[in-house]
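The values are calculated or read from the model by the stated rules, or taken from the named source; none is laboratory data. Quick caveat, the model's predicted, so the values are computed rather than measured. Neighbour counts run over all protein chains shown; Cβ positions are idealised from the backbone, glycine included. Only protein heavy atoms, including side chains, enter the accessible area calculation; ligands, DNA and RNA are left aside. Shrake-Rupley method; radii C 1.70, N 1.55, O 1.52, S 1.80 Å.
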Amino acid sequence: ASLQRADLTGAKLAEVEAVDARMNSAKMEGADLTRAILRDADLTRANLRKARLREADMRRARLFRADLREADLTGADLGGADLNGADLSGALWIDGSRTCGQGSIGLCQ
(Lines give C-alpha, C1' and ligand atoms only; values in the text may rest on other atoms or scores of the structure.)
Protein backbone atom coordinates (compact mmCIF):
# COMPACT_ATOMS: atom_id res chain seq x y z
CA ALA A 1 0.00 0.00 0.00
CA SER A 2 1.11 3.54 -0.61
CA LEU A 3 -0.16 6.14 1.83
CA GLN A 4 2.54 8.71 1.22
CA ARG A 5 1.59 12.13 2.60
CA ALA A 6 -1.85 10.78 3.61
CA ASP A 7 -3.68 12.50 6.45
CA LEU A 8 -4.54 9.75 8.93
CA THR A 9 -4.68 12.02 11.98
CA GLY A 10 -6.52 10.21 14.79
CA ALA A 11 -7.28 7.19 12.58
CA LYS A 12 -8.28 3.87 14.17
CA LEU A 13 -5.81 1.47 12.59
CA ALA A 14 -5.50 -1.11 15.37
CA GLU A 15 -4.29 -4.48 14.07
CA VAL A 16 -3.88 -3.17 10.53
CA GLU A 17 -1.60 -5.29 8.36
CA ALA A 18 0.68 -2.94 6.44
CA VAL A 19 3.78 -4.96 5.63
CA ASP A 20 6.05 -3.04 3.20
CA ALA A 21 3.61 -0.09 3.19
CA ARG A 22 4.89 3.29 2.04
CA MET A 23 3.79 5.95 4.50
CA ASN A 24 6.45 8.59 3.90
CA SER A 25 5.49 11.96 5.41
CA ALA A 26 2.05 10.64 6.44
CA LYS A 27 0.22 12.58 9.15
CA MET A 28 -0.77 10.05 11.82
CA GLU A 29 -0.80 12.20 14.95
CA GLY A 30 -2.85 10.47 17.65
CA ALA A 31 -3.56 7.43 15.45
CA ASP A 32 -4.26 4.07 17.10
CA LEU A 33 -1.86 1.51 15.62
CA THR A 34 -2.12 -0.96 18.49
CA ARG A 35 -0.85 -4.41 17.39
CA ALA A 36 -0.36 -3.11 13.83
CA ILE A 37 1.92 -5.12 11.58
CA LEU A 38 4.27 -2.55 10.07
CA ARG A 39 7.18 -4.83 9.21
CA ASP A 40 9.48 -3.30 6.59
CA ALA A 41 7.16 -0.26 6.30
CA ASP A 42 8.64 3.07 5.24
CA LEU A 43 7.56 5.73 7.73
CA THR A 44 10.25 8.25 6.80
CA ARG A 45 9.35 11.69 8.19
CA ALA A 46 5.90 10.42 9.31
CA ASN A 47 4.15 12.38 12.05
CA LEU A 48 3.37 9.75 14.69
CA ARG A 49 3.18 12.20 17.56
CA LYS A 50 1.00 10.83 20.38
CA ALA A 51 0.29 7.71 18.29
CA ARG A 52 -0.57 4.47 20.07
CA LEU A 53 1.88 1.83 18.80
CA ARG A 54 1.43 -0.67 21.63
CA GLU A 55 2.63 -4.16 20.65
CA ALA A 56 3.12 -3.05 17.03
CA ASP A 57 5.42 -5.18 14.89
CA MET A 58 7.78 -2.61 13.39
CA ARG A 59 10.70 -4.90 12.64
CA ARG A 60 12.96 -3.40 9.98
CA ALA A 61 10.63 -0.38 9.61
CA ARG A 62 12.21 2.82 8.35
CA LEU A 63 11.42 5.58 10.86
CA PHE A 64 14.09 7.97 9.60
CA ARG A 65 13.36 11.48 10.96
CA ALA A 66 9.88 10.38 12.11
CA ASP A 67 8.12 12.39 14.82
CA LEU A 68 7.43 9.93 17.65
CA ARG A 69 7.11 12.54 20.40
CA GLU A 70 4.82 11.33 23.17
CA ALA A 71 4.02 8.11 21.27
CA ASP A 72 3.22 4.93 23.23
CA LEU A 73 5.66 2.21 22.14
CA THR A 74 4.86 -0.24 24.96
CA GLY A 75 5.61 -3.78 23.80
CA ALA A 76 6.49 -2.70 20.24
CA ASP A 77 9.05 -4.79 18.36
CA LEU A 78 11.61 -2.41 16.86
CA GLY A 79 14.16 -5.06 15.90
CA GLY A 80 16.25 -3.76 13.01
CA ALA A 81 14.18 -0.57 12.72
CA ASP A 82 15.92 2.56 11.42
CA LEU A 83 15.38 5.28 14.03
CA ASN A 84 18.08 7.62 12.74
CA GLY A 85 16.94 11.18 13.32
CA ALA A 86 13.62 10.09 14.85
CA ASP A 87 12.39 12.34 17.67
CA LEU A 88 11.43 10.16 20.64
CA SER A 89 11.05 13.01 23.16
CA GLY A 90 8.40 12.12 25.74
CA ALA A 91 7.66 8.73 24.13
CA LEU A 92 6.75 5.82 26.40
CA TRP A 93 9.46 3.26 25.58
CA ILE A 94 8.94 -0.41 24.68
CA ASP A 95 9.35 -1.54 28.30
CA GLY A 96 6.21 0.44 29.20
CA SER A 97 7.86 2.14 32.14
CA ARG A 98 10.52 4.46 30.78
CA THR A 99 9.70 7.81 29.21
CA CYS A 100 12.29 9.10 26.73
CA GLY A 101 13.81 12.42 27.75
CA GLN A 102 13.62 15.67 25.83
CA GLY A 103 16.11 15.65 22.97
CA SER A 104 16.00 11.87 22.49
CA ILE A 105 16.90 11.72 18.81
CA GLY A 106 17.45 8.27 17.30
CA LEU A 107 17.37 6.51 20.66
CA CYS A 108 15.51 6.72 23.95
CA GLN A 109 17.54 8.49 26.61
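Scanning segment 22-47 for residues that are more than 15 Å from Asp82 (Cα to Cα) and not polar (S, T, N, Q) yields Ala26, Lys27, Met28, Glu29, Gly30, Ala31, Asp32, Leu33, Arg35, Ala36, Ile37.
Ser2 passes every criterion in (1) buried (at least 21 other Cβ atoms within 10 Å of the Cβ); (2) at pLDDT below 95 apart from (1).
Out of the residues in segment 5-19 that are assigned to a loop (DSSP other than H, G, I, E, B) and open to solvent by 80 Å² or more (accessible area, probe 1.4 Å), which is nearest to Arg54 (Cα to Cα)? In this case the residue turns out to be Glu15. A Cβ distance below 7 Å, combined with a sequence gap of six or more or placement on separate chains, defines the contacts here; from segment 10-21, residues that are under 13 Å from Ala61 (Cα atoms) reach residues that are part of a loop (DSSP other than H, G, I, E, B) and open to solvent by 80 Å² or more (accessible area, probe 1.4 Å) in the pairs Ala18/Ala1; Ala21/Ala1.
Apart from one condition, Gly103 fits all of (1) at positive phi; (2) open to solvent by less than 30 Å² (accessible area, probe 1.4 Å); the exception is (2).
Filtered by the rule that a residue be assigned to a loop (DSSP other than H, G, I, E, B), closer than 22 Å to Asp40 by Cα and either hydrophobic (A, V, I, L, M, F, W, C) or within 11 Å of the chain's Cα centre (by Cα) (or both), segment 80-109 gives Ala81, Leu83, Ala86, Leu88, Ala91, Trp93, Ile94, Leu107, Cys108.
Residues of segment 50-78 that are touching a Ser or Thr at 6+ places or on another chain (Cβ under 8 Å), in a loop (DSSP other than H, G, I, E, B) and open to solvent by 10 Å² or more (accessible area, probe 1.4 Å): Arg54, Glu55, Phe64, Arg65, Arg69, Glu70.
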